[in-house]
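Take a look at the structure set out below.
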Amino acid sequence: MAKRLPARRLDGIDHNPWVEFGKLASEADVVNLGQGFPDFPPPDFAVEAFQHAVSRDFMLNQYTKAFGYPPLTKILASFFGKFLGQVIDPLKNVLVTVGAYGALFTAFQALVDVGDEVIIIEPFFDCYEPMTLMAGGRPVFVSLKPCPTQDGELDSSSNWQLDPTELASKFTSRTKALILNTPNNPLGKVFSRAELELVASLCQQHDVVCITDEVYQWLVYDGYQHISIAAILFGLGTSLPGMWERTLTVGSAGKTFSVTGWKVGWVLGPDSLLKHLRTVHQNSVYHCPTQGQAAVAQCFEQEQMLFGQPSSYFAQLPQAIQHNRDHMIRSLQSVGLRPVIPQGSYFLITDISDFKSKMPDLPGAADEPYDRRFVKWMIKNKGLVAIPVSVFYSVPHRKLFDHYIRFCFMKDESTLQAMDQKLQMWKDELRP
């Protein structure tokens, strides 16, 4: 056709790193530690819940309420109301979406207008920037920066901090929203109460909406605590509202119950914000698959009964995955990689500076960040797949952070053993 086919809102966002590195991973005999999904079975209760949903009630094959299957919106309101300190109305304060991705896209489309600025904290999950651009907004980036560590001491995601003055400088009269991700992907940082209070005070001061992506909230390690920014209160004893009034909290059943393929997500928030998301939702996907929602509702009903007990999945899962994390940290160190210890999430990043200094001229385009070239070299020569951390940064900042790569430790023991075999071969090659 002679006419321009793609809409201009797609300009510059057609490249996707998951497609590129997924293709590389499929072309070789490799251990895939790149993409973030479990390669072990979900808990038995989740599988049984889905089996019940597809076999017991034939009406679950039909449409349900557009904004969420009522038993699911009800249990989400009850369960999360306790954490957020709110009486949550299942009809007004909960929207069920096609995964957390769907929640985020709906939020950007509903609230971000042409010319609006959206503050994005780097490193960021890579969809935040294109979603901002597709809505006509302008991304404004501010980076977490690592604090110095003692010689020989591993870095921790807790050492990566925002500069309060720099963060404050990013707010302008055009700032519409700030997107927060805690625990953070790819870094694994869990934002502290003090850090959240800083963000909250600036959002309050500048009348900015906070979109908070909390899909990894149950995967927190070493005694750290996940805090939802929507639960932060202001002006006790005054008429100032808290953060609930300006926050959208995004969650994911896939990350919560290790069922990423179910694609059931949700967003919680005040009706004053959610009513606009409902408008987008009803004019796009309209409705999410009923059976998946019914299964998630049953999973939450069980967890609500067990919550706080040792038998709770939310207690057992982080203990098991922390073991995986520690296993991977030890193994990666054996070949000279320097992991940054994550406080939460599926992921850790590791410093490859030593390799960058020893073998700086890896094949690749002249302007290609070093971490991309390193990952391609590692896939081809060492049989291990990771993701370059520069894909989680804006273009101007990529070269500043191209000495890190991301690994996923949300994997089966057999996958970690296969990783160990690859690393042992690598270690043997390093011996003089």
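A few remarks follow.
- Exactly one residue out of Leu187, Leu178, Leu233 is farther than 21 Å from Gln322 by Cβ, buried (at least 23 other Cβ atoms within 10 Å of the Cβ) and in contact (Cβ under 8 Å) with a residue 60 or more places away in the chain, and it is Leu178.
- Looking across region 190-222 at every residue that is assigned to a helix (DSSP H, G or I) and in contact (Cβ under 8 Å) with a residue 40 or more places away in the chain, the one that is farthest from Gly102 (Cα to Cα) is identified as Gln204.
- Residue that is farthest from His52 (Cα to Cα) [pool: residues in region 276-289 that are open to solvent by 10 Å² or more (accessible area, probe 1.4 Å) and touching a helix residue (DSSP H, G or I) at 6+ places or on another chain (Cβ under 9 Å)]: His276
- For region 143-169, the candidate set comprises residues that are in contact with a strand residue (DSSP E or B) (Cβ under 7 Å, 6 or more places away or on another chain) and of a type in the set (S, T, N, Q); within that set, the residue that is nearest to Val395 (Cα to Cα) is Ser143.
- Filter result (open to solvent by 10 Å² or more (accessible area, probe 1.4 Å) and outside any strand (DSSP E or B)) within region 155-169: Asp155, Ser158, Asn159, Leu162, Asp163, Pro164, Thr165, Glu166, Ala168, Ser169
- Meets criteria (modelled with pLDDT of 95 or more, under 20 Å from the mean Cα position of the chain (by Cα) and closer than 21 Å to Ile75 by Cα) for Phe257: yes
- Flag for Pro342 being outside the structural domain of Pro146 (by the TED database), more than 24 Å from Gln217 (Cα to Cα), within 25 Å of the chain's Cα centre (by Cα) and crowded, with 21+ Cβ neighbours inside 10 Å: no
- Residue in region 347-354 that is surrounded by fewer than 16 Cβ atoms within 10 Å (Cβ to Cβ), in the same structural domain as Lys422 (by the TED database), under 29 Å from Asp222 (Cα atoms) and over 21 Å from the mean Cα position of the chain (by Cα) present: yes
- Failed item, numbered, when Phe21 is tested on (1) modelled with pLDDT under 95; (2) surrounded by 13 or more Cβ atoms within 10 Å (Cβ to Cβ); (3) not assigned by the TED database to the domain that holds Leu416: (3)
- Considering Gln109, Gln35, the condition of being in the same structural domain as Thr350 (by the TED database), out of contact with any Pro (no Cβ under 9 Å at 6 or more places or on another chain) and surrounded by 14 or more Cβ atoms within 10 Å (Cβ to Cβ) is satisfied by Gln35 alone.
- A residue that is open to solvent by 40 Å² or more (accessible area, probe 1.4 Å) and among the hydroxyl-bearing types (Ser, Thr, Tyr) cannot be found anywhere in region 124-143.
- Test: residue in region 137-152 that is in contact with a helix residue (DSSP H, G or I) (Cβ under 8 Å, 6 or more places away or on another chain) and more than 26 Å from Val190 (Cβ to Cβ): yes
- For region 396-406, the count of residues that are out of contact with any strand residue (DSSP E or B) (no Cβ under 8 Å at 6 or more places or on another chain) and under 19 Å from Val335 (Cβ atoms) is zero.
- When the criteria are applied in full, Gly152 fails the requirement of being in a loop (DSSP other than H, G, I, E, B) and modelled with pLDDT of 95 or more.
- Leu273 being within 21 Å of the chain's Cα centre (by Cα), modelled with pLDDT of 95 or more and under 23 Å from Gly85 (Cα atoms): no
- Taking region 123-149 as the range and being closer than 26 Å to Gln343 by Cα, in contact (Cβ under 8 Å) with a residue 40 or more places away in the chain and in a loop (DSSP other than H, G, I, E, B) as the test, the residues that pass are Pro123, Phe124, Phe125, Asp126, Leu144.
- Residue satisfying all of: in region 355-399; basic (Lys, Arg) and more than 25 Å from the chain's Cα centre (by Cα); least open to solvent (accessible area, probe 1.4 Å) among these: Lys382
- Subset of region 376-395 [touching a residue at least 60 places away in the same chain (Cβ under 8 Å) and not hydroxyl-bearing (Ser, Thr, Tyr)]: Lys376, Ile379, Lys380, Gly383, Leu384, Val385, Ala386, Ile387, Pro388, Val389, Val391, Phe392
The values are calculated or read from the model by the stated rules, or taken from the named source; none is laboratory data. If you're wondering where the values come from, they're calculated on a predicted model, not measured in any experiment. With ideal geometry, Cβ positions are generated from the backbone for all residues, glycine too; neighbour counts draw on all protein chains shown. The accessibility values were calculated without ligands, DNA or RNA, using every heavy atom of the protein model including side chains. Shrake-Rupley method; radii C 1.70, N 1.55, O 1.52, S 1.80 Å.
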